[in-house]
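Here's the structure we're looking at; comments come further down.
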Amino acid sequence: MNDKNKIKSMHWIAAGIVCFCLGASARSPKKNNDTLAPKIFGEGVISTTDDETGGSFSPDGREFYFIKQPPSSFSPASTLICVSRLKGNHWTEPEALKFSGSYANTPPQMSPDGKRIYFSSSRPVPSLGDGNWIWYVERQADGWSDPKPLPPPINAPQTVEADPSVAADGTLYFASARDATGLLHIFRSQLVNGAYQEPEKLGPEINFPLANVFQAYISPDQRFLLFGAQRDLRDKAIPLHKLPAELIAGGQPYPRTELYISEYKDGKWTSARHLEHGINSPAEEEYPFLSPDGKTLFFSSERSDFTVPLPRPITYDELDRKFNTIYNGRGNVFYISAEALELSR
């Protein structure tokens with residue numbers, strides 16, 4: 001398990017919003033079947049041979065916030081919350097935000113009004129004991145404020161709180177290990193008169209049994225929820241041919257994080273649907289979110305050229321060459337038309 005997965009187990013433009021920088025130049029995704037295939041976002045600037053995980057845009061789409069993780073022998077590893085800005089048709093070299101770099105942080109999520117960034121972090125809250133907590137910073141004239149932890153009942157003592165996402169009305173969705181299962185599941189807390197209410201756990205349509213369910217992204221109108229789930233295979237009695245296809249890779253059980261969607265209809269959530277159109281792969285997929293205009297889905301993936309089984313044996317020279325490309329198995333940010341979500345109308 002790499003350091004980024006260890007962090008998870010601990011638990012994260014303007015009018016031209018569809019014009020995104022690929023490499024050194026920006027191109028608009030074409031409105032044809034090719035749109036329904038994931039593409040690298042910001043190749044060489046945001047997505048590199050290093051380990052990146054997104055992220056969130058400012059409301060005008062001209063700032064992109066994401067996580068960059070340095071190599072580490074420690075778990076959890078420290079992570080940098082970075083920002084890249086759209087200048088003309090180019091994304092600028094990322095800058096680390098001043099409040100990150102000392103602790104393990106999950107990818108930031110900006111509030112729909114752009115006034116706050118929410119994230120979770122291993123930075124301590126002395127009154128809560130050991131754990132992982134949800135924090136926020138507020139936009140100021142000269143940047144961002146110092147981080148503040150959300151008060152109870154969001155941050156609870158001696159547990160893990162992670163992956164916050166905020167709807168337009170302030171309702172907070174987040175992952176928590178506060179219930180008796182010890183697994184991460186998605187909870188929701190409404191904001192009433194400026195105070196968050198006691199969180200409620202979402203139902204089995206979203207929170208699978210024997211699974212860590214996390215990395216929530218709620219649409220601003222709360223019409224749908226995107227999330228990741230890492231299913232457990234503790235029930236070894238299930239025959240291989242009866243396992244869901246997303247739990248198999250290379251002909252063997254492989255319980256990695258896969259991305260799902262649930263829609264809110266007639267006062268209830270629909271059964272989670274596994275995302276298609278190449279969004280999920282044999283590799284780890286993470287942290288789905290939409291562009292501010294809702295037209296483009298972004299997500300992170302560790303997909304690489306090292307899928308097992310390979311069509312033919314790989315040589316040392318090929319391995320060395322591929323390891324120094326963007327498809328080396330480290331995290332990158334991808335995008336695809338939101339049509340791939342196949343939302344009901």
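The figures follow:
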quantity	calculated
Within segment 169-210, considering residues that are in a loop (DSSP other than H, G, I, E, B) and of a type in the set (Val, Ile, Thr), the one nearest to ALA229 (Cα to Cα)	ILE206
Pairs where the first residue, in segment 151-177, is within 10 Å of GLY131 (Cβ to Cβ) and the second is of a type in the set (Lys, Arg) and not in a loop (DSSP other than H, G, I, E, B), C-beta under 7 Å, 6+ apart	none
Residue match in segment 138-153 (condition: farther than 24 Å from ASP50 by Cα and in contact with a Pro (Cβ under 9 Å, 6 or more places away or on another chain))	yes
Restricting segment 292-325 to residues that are within 13 Å of THR49 (Cβ to Cβ) and under 19 Å from the mean Cα position of the chain (by Cα), the residue that is surrounded by the fewest Cβ atoms within 10 Å (Cβ to Cβ)	SER304
Check on PRO204, of a type outside the set (Val, Ile, Thr), in contact with a Lys or Arg (Cβ under 6 Å, 6 or more places away or on another chain) and modelled with pLDDT of 55 or more	no
Evaluation of GLU138 against (1) assigned to a loop (DSSP other than H, G, I, E, B); (2) at pLDDT 95 or above; (3) not hydroxyl-bearing (Ser, Thr, Tyr) (one fails), failing number	(1)
Every residue from segment 211-235 that is in a loop (DSSP other than H, G, I, E, B), among the basic types (Lys, Arg) and modelled with pLDDT under 95	ARG234
Criterion violated by ARG116 - all others in (1) of a type in the set (Lys, Arg); (2) more than 19 Å from the chain's Cα centre (by Cα); (3) within 21 Å of GLN215 (Cα to Cα); (4) modelled with pLDDT of 95 or more satisfied	(2)
Identity of the residue in segment 35-68, hydrophobic (A, V, I, L, M, F, W, C) and surrounded by 23 or more Cβ atoms within 10 Å (Cβ to Cβ), that ends up farthest from ASN105 (Cα to Cα)	PHE41
Any hit, segment 197-216, residues being of a type in the set (Phe, Trp, Tyr), under 21 Å from TYR136 (Cβ atoms) and out of contact with any helix residue (DSSP H, G or I) (no Cβ under 8 Å at 6 or more places or on another chain)	no
Selection from segment 240-294 of residues that are among the hydroxyl-bearing types (Ser, Thr, Tyr) and either more than 20 Å from ASN332 (Cα to Cα) or modelled with pLDDT of 95 or more (or both)	TYR254, TYR260, SER262, TYR264, THR270, SER271, TYR287, SER291
Count of residues meeting criterion [in a strand (DSSP E or B), closer than 16 Å to HIS185 by Cβ and of a type in the set (Val, Ile, Thr)] in segment 141-167	1
Residue in segment 123-131 that is in contact with a Cys (Cβ under 7 Å, 6 or more places away or on another chain), in a loop (DSSP other than H, G, I, E, B) and within 26 Å of GLU52 (Cβ to Cβ) present	no
Elements of type strands (runs of 3 or more DSSP E) contained in segment 1-104, each with 3 or more residues being at pLDDT 95 or above and not hydroxyl-bearing (Ser, Thr, Tyr)	63-69, 80-87
Subset of segment 184-201 (residues that are crowded, with 20+ Cβ neighbours inside 10 Å and of a type in the set (A, V, I, L, M, F, W, C))	LEU184, ILE186, PHE187
Odd one out for GLU258, checked against (1) charged (D, E, K, R); (2) more than 29 Å from SER219 (Cα to Cα); (3) not in a loop (DSSP other than H, G, I, E, B)	(2)
Selection count where residues are modelled with pLDDT under 95 and in a helix (DSSP H, G or I), scope segment 314-345	8
Filter pass, LEU172 being crowded, with 16+ Cβ neighbours inside 10 Å, of a type in the set (A, V, I, L, M, F, W, C) and over 20 Å from the mean Cα position of the chain (by Cα)	no
Where a residue in segment 197-208 is under 14 Å from ILE154 (Cβ atoms) and its partner, wherever it lies, is of a type in the set (A, V, I, L, M) and modelled with pLDDT under 95, with Cβ under 9 Å and at least six apart	PRO199/ALA156
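The values are calculated or read from the model by the stated rules, or taken from the named source; none is laboratory data. Just so we're clear, the structure is a prediction, and the values are computed from it rather than from any experiment. Here Cβ is always computed from backbone atoms with ideal geometry, including for glycine, and neighbour counts include all displayed protein chains.
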